[in-house]
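Written below as structure tokens is the structure these notes are about.
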Amino acid sequence: MDRLNFCHPMETGRRKHPATEAPIPRHFIHQVVCEHHGKPVMTLDWGWGISANPYLAFEILAGAPGDTVSVRWTDDRQKTASLETTIA
């Protein structure tokens, strides 16, 4: 299966801007849903402690060539993104 890549700043709200010392607002992914053929196989509840541009890997044991796998996330600002691939 192809790798799915996505980026997110994952700000904790505890850091300060280096030039201004102003707090950097909190901004993190709070839910990730992984689906196989549109059915959830894994749901993750994340918090501000996850690193920026997080890496996630998993195996689908019942997968077959041509099956679709998708990952979608929602952050604390209600922004969402999703990625989809087909098992080779």
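The values are calculated or read from the model by the stated rules, or taken from the named source; none is laboratory data. The structure presented is a predicted model; accordingly, all values stated were derived computationally and were not measured. Don't worry about glycine lacking a Cβ; one is built from the backbone with ideal geometry, like all the others, and counts go over all protein chains shown. Ligands, DNA and RNA are excluded from the accessible area calculation, which covers all protein heavy atoms including side chains. Shrake-Rupley method; radii C 1.70, N 1.55, O 1.52, S 1.80 Å.
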Original post:
Can you pull out the residues in region 69-88 that are among the β-branched types (V, I, T), open to solvent by 50 Å² or more (accessible area, probe 1.4 Å) and in contact with an Asp or Glu (Cβ under 9 Å, 6 or more places away or on another chain)?
Top reply: T86
Subject >> Restricting region 9-68 to residues that are open to solvent by less than 60 Å² (accessible area, probe 1.4 Å) and among the aromatic types (F, W, Y), the residue that is nearest to L83 (Cα to Cα) >> reply: F58
Subject >> Among residues of region 37-65, those that are at pLDDT 95 or above and either in contact with a Ser or Thr (Cβ under 9 Å, 6 or more places away or on another chain) or within 21 Å of R14 (Cα to Cα) (or both), counted >> reply: 1
